[in-house]
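Please read the structure below before turning to the comments.
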Amino acid sequence: MKSRLFALVLLGSMPLTPPPPLSAQEAENTCVACHQALGGSLAEPVALFSGDVHAEAGFNAEAGFSCASCHGGDPTVAGPEAMDPAKGYAGVPGPQQIPELCGRCHSNAELMRRYDPSLRVDQLAEYVTSVHGHQLIGAGDTTVANCASCHRAHSIRPSSDPNSSTHPLTVAETCGTCHADEARMAPYGIPTDQKEKYERSVHWHTMSEGGDTSAPTCNDCHGNHGATPPGISWVGNVCGQCHVVMAENFAESRHAETFVMLGIPGCAACHGNHDIQPAGDETLGLGEAAVCRVCHSADDPGGRAATTMRGMVDSLGLQLDTARVLLERAENSGMEVSGAMVQLNDAQSELVKARASIHTFDVTAVGKEVEAGLEIAGQSFIEGEEALRDLQIRRLGLAVSVFIIGALILGLVLKIRQIEQPE
């Protein structure tokens with residue numbers, strides 16, 4: 001078995017021999033003709049294959065790809081003779097054969113370059129390192145995922161295709177085929193609620209409702225061909241692919257080393273993993289919804305620091321809201337406050353920075369961002385007050401002007417009446 005594993009590693013790192021070129025006769029392909037004629041389930045692969053990426057790439061003599069490329073046999077012969085084992089017919093590849101079979105082409109850089117130079121040719125080598133590969137190749141466990149488990153045989157489509165089993169919106173469903181199946185996961189002691197939890201997460205809602213297909217799904221965190229659970233020391237690196245600033249702050253904090261030492265999974269300790277929710281200010285401090293209270297209390301330095309940081313963030317948020325209400329009131333009254341509104345956006349940016357700096361778990365670092373934000377928000381508030389004072393002055397001036405004009409009109413009317421009265 002070890003020699004087989006070594007052979008697969010080599011397959012992933014050296015050019016493999018692609019299927020031999022087809023003859024002109026094979027463009028007719030008797031496999032297709034026969035299976036279409038047989039109908040039923042035997043015709044289904046032919047129907048599915050019409051939309052397969054391999055068919056689109058060139059199911060013809062020039063491409064050198066046909067049914068026989070995977071199943072063996074002789075597609076130039078009609079009838080059962082085409083499936084003669086003497087002619088290389090192998091039938092349906094077994095789970096342990098599939099990685100090597102797919103690797104014949106997909107590990108061949110020269111061949112793949114003809115169809116899509118962007119496709120990686122190390123998928124087989126990665127698969128060998130994965131949990132699935134170790135189980136299949138090392139332990140002979142044929143129930144684990146292989147290439148055909150995720151890339152549906154006869155209907156493989158590019159991941160960019162919404163109908164693909166590996167499109168971002170369908171990856172969770174594809175992984176869930178196994179990982180949400182209690183009977184299938186029972187021998188491994190793996191929970192089966194990951195898909196259900198993920199579909200409650202901010203990541204899934206961002207993707208499915210917000211239309212952002214760059215939001216993370218299963219393979220973004222676990223890998224795809226080299227799928228494996230992130231190790232404790234890896235979690236920050238995994239989350240840091242998107243949340244760069246937070247990951248850098250956390251890496252420099254005292255918690256980073258402590259978490260690894262205690263076996264606490266970094267980011268996931270506070271935010272969860274599959275069912276990650278939007279992180280609000282309520283998660284900071286020692287309140288009912290705070291995560292800090294899991295480890296800290298009001299009597300220890302960490303608890304006091306968390307409470308202080310929460311107070312700082314709340315103060316900036318309150319100042320921002322107060323200034324915004326004032327400026328919107330002035331703006332709705334027709335006053336020019338666009339400069340102050342833009343300035344207030346800078347204060348909002350400081351609040352975002354302050355929330356990110358919480359991952360340093362350093363009161364001074366958070367305070368620096370909050371102080372900068374308070375200064376900007378305070379200036380915006382002052383400008384809002386000045387705009388409203390100007391509004392009051394204008395209104396008062398308008399009232400006085402109206403009174404004077406009214407008095408003059410009244411006096412003019414009285415004078416006209418006096419002139420018109422007979423002597």
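The values are calculated or read from the model by the stated rules, or taken from the named source; none is laboratory data. None of these values were measured; they are calculated from a predicted model. Neighbour counts are summed over all protein chains in view; Cβ atoms, including those assigned to glycine, are modelled from backbone coordinates with ideal geometry. Remember, those area values only see protein heavy atoms, side chains included, never the ligands or the DNA or RNA. Shrake-Rupley method; radii C 1.70, N 1.55, O 1.52, S 1.80 Å.
General remarks:
- Of all residues in the stretch 182-200, those that are without any contact (Cβ under 8 Å) to a residue 24 or more places away in the chain have Cβ atoms under 6 Å from Cβ atoms of residues that are open to solvent by 70 Å² or more (accessible area, probe 1.4 Å) and assigned to a helix (DSSP H, G or I), 6 or more apart or on another chain, in Thr192/Glu182.
- Test result for Val294, β-branched (Val, Ile, Thr), at pLDDT 95 or above and farther than 25 Å from Ile393 by Cβ: no
- When we screen Ser164, Ser160 for residues that are of a type outside the set (Val, Ile, Thr), in contact with a Lys or Arg (Cβ under 6 Å, 6 or more places away or on another chain) and within 27 Å of Ala125 (Cβ to Cβ), the only hit is Ser164.
- Residue within the stretch 325-344 that is among the β-branched types (Val, Ile, Thr) and closer than 30 Å to Val244 by Cα present: yes
- One residue stands out in the stretch 122-140 among those that are touching a residue at least 60 places away in the same chain (Cβ under 8 Å) and part of a loop (DSSP other than H, G, I, E, B): the one that is most open to solvent (accessible area, probe 1.4 Å), namely Asp122.
- Qualifying residue in the stretch 89-101 (condition: open to solvent by less than 30 Å² (accessible area, probe 1.4 Å), among the hydrophobic types (A, V, I, L, M, F, W, C) and in a helix (DSSP H, G or I)): yes
Here is a yes/no grid of residues against (1) out of contact with any His (no Cβ under 7 Å at 6 or more places or on another chain); (2) closer than 20 Å to Cys150 by Cα:
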site	(1), (2)
Gly176	yes, yes
Asp181	yes, yes
Arg184	yes, yes
Asp193	yes, yes
Glu196	yes, yes
Pro216	no, yes
Gly223	yes, yes
Val235	yes, no
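- Among the residues listed as Gly334, Gly384, Gly406, Gly339, the single one being in contact with a Leu (Cβ under 9 Å, 6 or more places away or on another chain), over 27 Å from Thr308 (Cβ atoms) and part of a helix (DSSP H, G or I): Gly384
- Some residue of the stretch 110-117 being touching a helix residue (DSSP H, G or I) at 6+ places or on another chain (Cβ under 6 Å), touching a residue at least 60 places away in the same chain (Cβ under 8 Å) and not basic (Lys, Arg): yes
- When the stretch 276-290 is filtered for residues that are open to solvent by less than 50 Å² (accessible area, probe 1.4 Å) and either among the hydroxyl-bearing types (Ser, Thr, Tyr) or closer than 22 Å to Glu199 by Cβ (or both), the ones remaining, listed by number, are Ile276, Gly280, Thr283.
- Hey, Ala55 of a type outside the set (S, T, N, Q), more than 30 Å from Gly231 (Cβ to Cβ) and open to solvent by less than 30 Å² (accessible area, probe 1.4 Å) or not: yes
- Residue under evaluation Gln241, criteria (1) touching a helix residue (DSSP H, G or I) at 6+ places or on another chain (Cβ under 6 Å); (2) open to solvent by 50 Å² or more (accessible area, probe 1.4 Å), criterion not met: (1)
- First in the stretch 36-57 and in a helix (DSSP H, G or I), second anywhere and surrounded by 15 or more Cβ atoms within 10 Å (Cβ to Cβ) and among the basic types (Lys, Arg), Cβ under 7 Å, 6 or more apart: Val53/Arg157
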